[in-house]
Amino acid sequence: MKRMLLSTVAGLATLLSVASVQAQVEIQFWHAMGGNLGEAVNALVEPFNKEQNAYKVTPVFKGSYTETLTAAIAAFRAKQNPHIVQVFEVGTATMMAAKGAVYPVHQLMADTKEPFDPKSFIGPVYGYYSTTDGKLLSMPFNSSTPVFYRNKEMMKKAGLDPEKAPATWPEVAEMAKKIVASGAKCGFTSQWQTWALIENFGAWHNLPFATKANGFGGIDIELRINSPAHVKHIEQLSAWTKDKTMVYGGREGRSTAMFNAGECGFHIASSATASAIDKALGQGVAGISMMPHWPDVAAKPQNSIIGGATLWVLQGKPAAEYVGVAKFFTYLSRPDVQAKWHQETGYVPITSAAADITEKAGFYKSNPGRDIAVKQLQLNAPTENSKGLRIGNFVQIRDVVDEELEAVWAGQKTAKVALDDAVKRGNELLKRFEAANR
Amino acid sequence: MEKRVTFNEKTLPYLLVLPQIAITIAFFFWPSWQAIYQSVLLEDAFGGNTRFVWFDNFAHLFRDPAYYRSAMITAVFSLLVAGLGLSISLLLAVMADRIVRGATAYKAFLVWPYAVAPAVAGVLWGFLFNPAVGIVAWTLRIFGYEFNYVLNGGQALALIVFAAVWSQISYNFLFFLAGLQSIPKSLIEAAAIDGAGPGRRFWTIIFPLLSPTGFFLLVVNVIYAFFGTFGVVDGLTKGGPAKATEILVFKVYNDGFRGQDLGGSAAQSVILMAIVILLTVVQFRFIERKVHY
């Protein structure tokens, strides 16, 4: 009897202590933003934790995008997962296919009765992460899009008008040749070649990347990146590598080092690279404009697509805690919060209202060109080809396309052969993804 | 009468080896079994959709030209790493063994690199050879040689071989030196009196007597080249450029953790396990016969 009493008391004590801890619900938020960006994330979360005291969002840096995703998957399998995890855009199909693991944002907002207006978001930012019937799956967080940078001083040296950015590819080549002739090591170079020169080339010219609306309509898809327009585009770029009009600077963001060192006149790079470029070249040296297009492929450019990451909500937590997640998302999409994030990090704001606030505050006047990314994304209403990409095994497929493009730049394959091979190898990976997610 | 402590119990020996067996089961058999089990499954990353697919993952691998390419790279890489690592350290050990003055200092310096973790070694060499800021790459450029391991696959492979050999030399050196010092001086002196030159003394006396050490190091180095070099590759090239340095063990990681293809990755590690078991068996059956203990 005495023992029973004791254990009851002990149990009660435990209950009480749990209750006092749970007075503030902790929401785990795993992200992949290191360094300055990590600090920006902390600064973003802090006001939310101060504004109210029912929920406390704890951001945890888990390493690179891949490491964060892997950690979240391992944690989910061990039922120790965080509420929110940041996943890069190429992981979207993996997350979508994860049955029972993901809590779609539109459903979360409906279940918790949080007000939520899809129309306030910027089209391609919202579209990339929503279903074909327009339901948002994950919360857009850090998005960027490739834009065109030019080194105005190098243009002057080559006798070009630094304020006149090339609008088409033939103009880019013509000006780049002049820059090389004036003694530069390279005319132009591109970051993230598959993202900028294949994925965004497609969206910009309204050409499909894959069947079934770029994968939005199903997972039994095939790549479409060996169309005559694609082949001609890569053929032309490859021809330009011969006389250094174009120089390949390595995968991911490596080529930016060449632009930042004043070796290249032009650079196609993520809009989020802008502040790093300004730091390296000095304020005002680099001009930003829209990506060039091929007039013979499309008379006018369509719109660009994004890269970056979103916040996915994982299942398996008590329903009450998801209320906090929903409230945090509402906070994140608030125009003032987004505007601050946009201006500090260079990522695209996720709502049009945030862009308007930034405009009114005169930010674009003092930082000319920072509005180009938003303008590019909103140039036209997105089509099936420019809404986004939903490709299974996308990490490997990007590797494949990178490899095949490298073979073209190295002169080992023609554009046609390389793109055909990329499609063949990519389709094999797509079939495997389809089989794993049947 | 002889006095001897005896244990009649049958269970005691088993109890005494139990900790070792438990460790072996927990850290060797269990993961191996998991790998084999995973290799016949096809599932999505979160494990919500698992299917038994027999040997589909293996069939897929054997159809994939990229896998053969990775195997070829591994073969070249392992041969170079084990070959260079063993011969250079043997040379260094023979030299260090002959030195009379300051021998300890030489030995200490030669052992130093072993204290550097493979991943750190990778980053270190990557920095020295970095095409933009590396001092070695810069020096090479002065001599008119463009070194850019970020773009050039051959150079990247050379660089990881170099870094992997560098971090393994100390280990080999230590064993070779110990082996050399255990060879009786009288044998060598006798040979010298009989008129054998240094070369002949090395090949007919020292080398055969060193063969047990050499054989042990061969096994260890091959395993090192297959598995231990992961840190070097990850720190230096991450398998690039264009998969030119993607050795099998890195492909296992890349497909499993970057690509989230767990079944395919597990199938690769099962094959890798089989290769290493096979290599070790071959070494013990055929090369060990030539070893004099």
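Here are the numbers:
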quantity: Modelled FRET efficiency - R0 45 Å, B:Y114 with B:A59, Cβ distances, 0.05 increments; calculated: 0.60
quantity: Volume per residue that the Cα convex hull of region B:100-139 spans, once the total is divided by residue count, Å³; calculated: 74 Å³
quantity: Theoretical ellipticity at 222 nm over the protein assembly as shown - DSSP helices of four or more residues, -39500 (n - 2.57) apiece, nearest 500; calculated: -16500 deg cm²/dmol
quantity: Charge context of A:Y128, other residues only, Cβ under 9 angstrom, K/R +1, D/E -1; calculated: +1
quantity: Highest-MSF residue in chain B out of B:S265, B:S170, B:S32 [GNM, Cα springs under 10 Å]; calculated: B:S32
quantity: Size of charge dipole - chain A - debye, nearest 20, with Cβ of Lys, Arg +1 and Asp, Glu -1, no other charges; calculated: 520 debye
quantity: Cα-derived Rg to Rh of region A:108-186, Kirkwood definition; calculated: 1.31
quantity: Inter-label distance, nm, simple model (7 Å from Cα along the C-beta direction), A:A276/A:Q24; calculated: 3.5 nm
quantity: Within a Gaussian network of chain B (alpha carbon springs, distance under 10 Å), most fluctuating of B:N254, B:N152, B:N49; calculated: B:N49
quantity: For region A:210-274 versus region B:260-293, the gap between their alpha-carbon centres in whole angstrom; calculated: 41 Å
quantity: Rounded tilt (10° steps) of A:335-345 against the dominant C-alpha axis of chain A; calculated: 50 degrees
quantity: Crossing angle, helix A:169-181 versus chain A [Cα axis fit, 0-90 degrees, rounded to tens]; calculated: 70 degrees
quantity: Relative contact order %, region B:4-75, counting alpha carbon pairs below 8 Å whose residues are six or more apart; calculated: 16 percent
quantity: Net dipole in debye of the protein assembly as shown [+1 Lys, Arg Cβ; -1 Asp, Glu Cβ; about Cα centre; nearest 20]; calculated: 1080 debye
quantity: Cα coordinate range in chain A, projected on the principal axes (Å, largest first); calculated: 95, 50, 34
quantity: Mean Kyte hydropathy of 0.5 or more with a Cα span along the axis of at least 27 Å, helices from DSSP in chain B; calculated: B:65-98, B:153-181, B:262-282
quantity: Spin-label zone in region B:143-166 - amide nitrogen under 13 Å from a point set 7 Å from the Cα of A:Q412 along the C-beta vector; calculated: B:151-157
quantity: Value of D in µm² per second that Stokes-Einstein yields for region A:53-134, Kirkwood Rh from Cα pairs, at 4 °C (1.567 mPa s); calculated: 89 µm²/s
quantity: Loop-located trypsin sites (Lys or Arg not before Pro) in region B:63-117 whose Cβ has at most 12 other Cβ within 10 Å (DSSP); calculated: B:R101
quantity: Pairwise centroid distance, computed over Cα atoms, of region B:195-222 with region A:367-438, Å; calculated: 55 Å
quantity: Distance (nanometres) between label positions extended 7 Å along Cα→Cβ at B:V291 and A:A239; calculated: 6.3 nm
quantity: Most positive-pole-ward Cα, A:S143, A:N206, A:A184, against dipole of region A:138-206 from beta carbon charges; calculated: A:A184
quantity: Region B:67-114: proportion of alpha-carbon pairs further apart than 17 angstrom, %; calculated: 50 percent
quantity: Highest-MSF residue in chain B out of B:M95, B:M273, B:M72 [GNM, Cα springs under 10 Å]; calculated: B:M95
quantity: Modelled label reach - A:A54, point 7 Å along Cα→Cβ, region A:106-120 residues with backbone N closer than 18 Å; calculated: A:108-116
quantity: Most to least packed among A:230-243, B:153-166 [average Cβ atoms within 10 Å]; calculated: B:153-166, A:230-243
quantity: Nearest 10 degrees, 0 to 90: helix A:319-332 Cα axis against chain A principal axis; calculated: 40 degrees
quantity: Pairs of Cα atoms farther than 24 Å apart, region B:106-228, %; calculated: 48 percent
quantity: Efficiency of FRET between A:D336 and B:T280 - r from beta-carbon atoms, R0 56 angstrom, step 0.05; calculated: 0.30
quantity: Relative contact order computed over chain B (Cα-Cα under 8 Å; 6+ residues apart), in percent; calculated: 28 percent
quantity: Quotient of C-alpha Rg and 2.2 N^0.38 Å, computed over chain B; calculated: 1.25
quantity: Cα-based Rg and Dmax for the protein assembly as shown, where Dmax is the largest Cα-Cα distance (Å); calculated: 30.5, 109
quantity: A:N42 versus B:F202: modelled label distance in nm, points set 7 Å from Cα along the beta carbon direction; calculated: 5.8 nm
quantity: Over region A:163-302 - Rg/Rh using Cα atoms and the Kirkwood inverse-distance radius; calculated: 0.99
quantity: Relative packing of peptides A:37-50, B:228-241, A:120-133, A:58-71 - highest average C-beta neighbours within 10 Å first; calculated: B:228-241, A:120-133, A:58-71, A:37-50
quantity: Dipole magnitude of region A:322-431 about its Cα centre (Cβ charges: Lys, Arg +1; Asp, Glu -1), debye to nearest 20; calculated: 360 debye
quantity: Principal semi-axes in Å for region A:112-238 [√(5λ), Cα gyration tensor, largest first]; calculated: 36, 20, 10
quantity: Radius of gyration, Dmax [region A:298-391; alpha carbons; angstrom]; calculated: 16.2, 53
quantity: Rounded Å value of the spacing that divides the Cα centres of region A:110-126 and region B:21-58; calculated: 41 Å
quantity: FRET efficiency estimate (nearest 0.05) - Cβ-Cβ, B:W33 to A:A78, R0 25 angstrom; calculated: 0.85
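None of the figures in this text is laboratory data; all of them are computed from the coordinates on show. Here the structure is a predicted model, which is why all the values come from computation and not from measurement. A quick note on method: Cβ atoms are made from the backbone with ideal geometry, for glycine too, and the neighbour counts reach across all protein chains shown.
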